[in-house]
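Structure record follows, encoded as structure tokens.
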Amino acid sequence: MLMWQNLPYGVAILTFMLGIYCLLFKRNLIKIAIGLKIMSDGLHLLLLCLGYRAGGRAPILPEGEGAKEIVTSLATSFVDPLPQALVLTAIVIGVCVSAVALSLAVKAYQRLGVTDTVGLRGK
């Protein structure tokens, strides 16, 4: 059973490594931009897995009489919302970076007629 609990971490690391492979060994600018996006998605998945808590509850606090006792008893089961908020922000930033990278690749193809990094060095 322990092996299945670690599966999301393995998937996240493999996804990140696939993105690194694309960045290092691909010569096409479009494939490099896609590799950058795959790498960032692997990192986002890893951060979400690290912020997961089994049996966690949303940190919604009750009001009224006895609220302090209820919050004290449930405080250890609350999920920290900060990792989810940071990953959401990182996803938006990643989409913007991917859009800029793809637009630069298209512009390079329009001006130079080449999307290969070796071809860009020669021009």
At R0 = 30 Å the Cβ-Cβ FRET efficiency linking Ile70 and Leu48, nearest 0.05, sits at 0.60
Along region 74-80, Karplus-curve 3J(HN,Hα) (6.51, -1.76, 1.60; θ = phi - 60°) to the nearest Hz, with x for Gly and Pro, reads 9, 4, 6, 9, 6, 8, 6
Region 47-63 and region 79-123 have their Cα centres apart by a whole-number Å value of 32 Å
Under a point spin-label approximation (7 Å from Cα along Cα-to-Cβ), what is the Val100-Val11 distance to one decimal in nm? 3.0 nm
List the residues, sorted by chain then number, that are 5 or more residues from Phe78 or on another chain and whose placed amide H is less than 5 Å from its amide H. Arg57
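Since every read-out is calculated from the coordinates, none of them should be taken as a lab result. This structure is a prediction, so every number in the text was calculated from the model and none was measured. Using ideal geometry, Cβ is built from the backbone for each residue, glycine included, and neighbour counts are taken over all protein chains shown.
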